[in-house]
Every structure is written in C-alpha cells, then in structure tokens.
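First up is the structure itself, then whatever we jot down about it.
The values are calculated or read from the model by the stated rules, or taken from the named source; none is laboratory data. Here the structure is a predicted model, which is why all the values come from computation and not from measurement. Glycine also receives a Cβ, built like all others from the backbone with ideal geometry; neighbour counts cover every protein chain displayed. Just so you know, the surface numbers come from the protein's heavy atoms only, side chains and all, with ligands and any DNA or RNA stripped out. Shrake-Rupley method; radii C 1.70, N 1.55, O 1.52, S 1.80 Å.
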Amino acid sequence: MKFIKEKVGGIIFYPYICRKQLIMPTILLAFGLRFYFYSEEHLPIHVHVENADGRAKFSLEPKVELIKNEGIKPKDLKKAKTLCETFQEDFIEKWHEHMDDEN
C-alpha cells in the first residue's frame with residue numbers, strides 16, 4: 001500500500017489510496033502522537049490518539065474534550081488536546097471527507 005502526504009493549512013495529512021482496505025486512516029503524526037479515526041465511525045465527531053504509552057479519544061464538536069484515556073501520560077494528553085484544538089477544523093473536514101467517501 002502506498003501512502004501519500006497532503007499538506008492542508010499547515011498540517012500534513014496522510015490520506016491513503018484505497019480507502020476500503022485501511023480502516024484507521026492516520027490524519028496527523030506529531031510529538032510521538034498518532035491521530036486517527038476508524039472507518040464507519042459514529043457521532044459525535046471525535047478523533048483517536050495513540051502513543052507508546054496508550055490511547056485516548058477526544059470529541060471535536062462542539063468543543064475539544066477528552067472522552068477517554070487509557071494510559072497516555074498527562075503531559076502528552078495536554079499536547080494532544082492542544083493539537084486537537086489547533087487543528088479542530090481540519091480534523092472535522094477530514095472526518096466528513098472520509099465518512100462521505102465511505103457512504
């Protein structure tokens with residue numbers, strides 16, 4: 001599978017060529033944190049985050065909030081939340097692009 005990069009508004013997204021084969025598209029890699037969502041996700045709009053310590057989930061609408069944390073350290077959660085807030089609109093746009101593509 002070949003990955004390509006797409007720079008949108010100062011953020012590098014990693015879209016993929018065959019959307020049906022990958023079920024967890026990565027939308028951002030930063031500071032050892034991977035931001036992604038699953039295909040066939042459910043509302044509310046949210047993003048998953050993982051690093052070497054664990055994983056978490058943040059809602060993106062109406063504001064960024066931590067939904068769940070399984071092992072990510074507080075300092076990394078703070079970075080993840082800041083990145084979610086910074087790129088909230090971009091993440092939501094990618095969510096809609098992906099979900100519309102799946103339906």
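Can you tell me which residue among Phe87, Phe91, Phe58 is at pLDDT 95 or above and open to solvent by less than 60 Å² (accessible area, probe 1.4 Å)?
Phe58
Starting from segment 31-46, take each residue that is within 18 Å of Asp100 (Cβ to Cβ) and list its partners that are among the charged types (D, E, K, R) and modelled with pLDDT of 90 or more, counting only C-beta distances under 7 angstrom and pairs at least six apart or across chains.
Short answer, once both residue conditions are applied: Pro44/Glu61; Ile45/Glu61; His46/Lys57.
So, of the residues in segment 31-50 that are open to solvent by less than 30 Å² (accessible area, probe 1.4 Å) and part of a loop (DSSP other than H, G, I, E, B), which turns out to be modelled with the highest pLDDT?
Ile45
Name every residue in segment 51-73 that is under 19 Å from Ile92 (Cα atoms), assigned to a loop (DSSP other than H, G, I, E, B) and of a type in the set (A, V, I, L, M), in order of residue number.
Listed by number, the residues that qualify are Leu60, Val64.
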